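Below: one structure, written as C-alpha cells.
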Amino acid sequence: MFSITLDVPSELSTPLSISGYNREKLTKEAKQSLAISLFKGNILSLGQAAKLAELHLWDFIQILNERDIPIAEYDDEEIQQELKTVKCLTQQTK
C-alpha cells in the first residue's frame, strides 16, 4: 500500500470546518472521488474502485447511481449478443 498526501491551504480551514469537513471527511470524499474518476476512465474495475473508496461494492454502485454514472457500458453488438443469450436461456427453461 502507498499513501498520498493532500495539502489543503490553511485559508480553507475555516470554510471547510464551517461546512462540516474535518480530516476524516475530506479523506473519505477524496478517496471516493478518485475511485469514481478512475472507474469512469476505465483505469479501475468496479470492484477495484469500490475497494479504493473503502466501500462495499453495493454502496459504491449506489454512489455511482446517484451521480448517474453507469456501471457498465455496452455497444450495440454487445447488447444484441446479451439479448440473444437471454432469449436462448429463456427457451431452455421452458
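The values are calculated or read from the model by the stated rules, or taken from the named source; none is laboratory data. Computed from a prediction, not measured in an experiment: that's the story for all the values here. Cβ coordinates were reconstructed from backbone atoms using ideal geometry, including for glycine residues, and neighbour counts include every protein chain displayed. With ligands, DNA and RNA removed, areas are computed over all heavy atoms of the protein, side chains included. Shrake-Rupley method; radii C 1.70, N 1.55, O 1.52, S 1.80 Å.
Using Cα positions and a limit of under 24 Å, work out the lysines in reach of residue 51, with same-chain residues fewer than 8 apart set aside.
Those lysines meeting the cut-off are 25, 28, 31, 40.
Check each of the chymotrypsin sites (Phe, Trp or Tyr not before Pro) in the range 1-63 and keep only those in coil by DSSP with at most 14 other C-beta atoms within 10 angstrom; list them in order.
2
Just want to confirm a number: the relative contact order over the chain, from Cα pairs under 8 angstrom separated by 6+ residues, in percent. Could the numbers behind the result be given before it?
On the way: 34 pairs, mean separation 14.3, N = 94.
Relative contact order here is 15 percent.
If you roll a 1.4 Å probe over the heavy atoms of the protein chains, what accessible area per residue do you get for the chain, in Å²?
Numbers: 8030 Å² over 94 residues.
Per-residue accessible area for the chain comes out at 85 Å².
Could you compute Rg(Cα) / (2.2 N^0.38 Å) for the chain, with N its residue count?
Dividing the Cα radius of gyration by 2.2 N^0.38 Å gives 1.57.
At a Förster radius of 22 Å, what calculated FRET efficiency corresponds to the Cβ-Cβ distance of residue 42 and residue 68, to the nearest 0.05?
My answer for the efficiency is 0.80.
Where the accessible area of the chain is counted over protein heavy atoms with a 1.4 Å probe, how much of it, in %, is carbon and sulfur?
Values: 4290 of 8030 Å².
Carbon and sulfur atoms account for 53 percent of the accessible area of the chain.
Test of understanding: in a Gaussian network model of the chain with alpha carbons linked when under 10 Å, which of 68, 59, 76 would top the mean-square fluctuation ranking?
Between 68, 59, 76, it is 76 that shows the largest mean-square fluctuation.
Gain in length, residue 5 to residue 82, computed as 0.36 nm per residue apart minus the alpha-carbon separation, to one decimal in nm?
That pair, residue 5 and residue 82, stretches by 23.4 nm at full extension.
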